[in-house]
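Beneath this line is the structure, given in structure tokens, with notes to follow.
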Amino acid sequence: MKSACMMLLFFQVITYIPNEAAQYVGGTVTTIPQEAVGELITADENILSFTWQKARQSGGGEWRIPYSRVTYLGYGQHAGRRVGTATALAPAALYAPVFFPVMWSKKRRHYITLAFKDDQGKAQTAIFLLGKKAIRTLPKILEVRTGVKLQCEDEEARKVGNK
């Protein structure tokens, strides 16, 4: 029973997006598949790129945007309870109270919104879910490279943005 609960806990605590990765969650960019997981690359001083691998297929893709075309940078968070973990661990918590803190812990998701002008000068947007390590450096890098001030979209994001 304990080993089964530990395995369940292990799989529930792991996030579906790697720490340094990004996931395209929406916007007007049609060249990126919905929910594509990849990497936002800021190594080039002039161009931001997002590379991804196609699920269960060889190959992938790359989307590139010059920093000079970015018109808006937004950062937001979504905090929620680990309901799935709480439901799964409720029986185990009766035998091992050590599970109580995990059951009611919060998870945070970090989002970056980019608004930009495409090749035809038309307004476009892309929203990315960021891994925990990516959120530490990416907002500041984007601010410096684009020259656009990062806008915090909610109060929780403001707290992180001021660190």
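Per the conditions (1) surrounded by 18 or more Cβ atoms within 10 Å (Cβ to Cβ); (2) at pLDDT 95 or above; (3) assigned to a helix (DSSP H, G or I), the sole criterion not satisfied by A157 is (2). Within the range 118-136, residues that are part of a loop (DSSP other than H, G, I, E, B) reach partners that are surrounded by 11 or more Cβ atoms within 10 Å (Cβ to Cβ) and small (G, A, S) with beta carbons closer than 6 Å, at six or more positions or on different chains, in the pairs G131/A21. Report yes if A126 is within 19 Å of V25 (Cβ to Cβ), surrounded by 15 or more Cβ atoms within 10 Å (Cβ to Cβ), modelled with pLDDT of 95 or more and under 15 Å from the mean Cα position of the chain (by Cα), otherwise no. Taking the combined requirement at face value, the residue satisfies it.
Summed over the range 107-117, the residues that are at pLDDT 95 or above, touching a helix residue (DSSP H, G or I) at 6+ places or on another chain (Cβ under 6 Å) and either surrounded by 18 or more Cβ atoms within 10 Å (Cβ to Cβ) or assigned to a loop (DSSP other than H, G, I, E, B) (or both) give a count of 1. Please count how many residues of the range 29-79 are assigned to a loop (DSSP other than H, G, I, E, B) and surrounded by fewer than 13 Cβ atoms within 10 Å (Cβ to Cβ). Count: 13.
The values are calculated or read from the model by the stated rules, or taken from the named source; none is laboratory data. The model shown is predicted, which means the values in this text are computed figures rather than measured ones. Please note: Cβ atoms are built from the backbone with ideal geometry, for glycine as well, and neighbour counts cover all protein chains shown.
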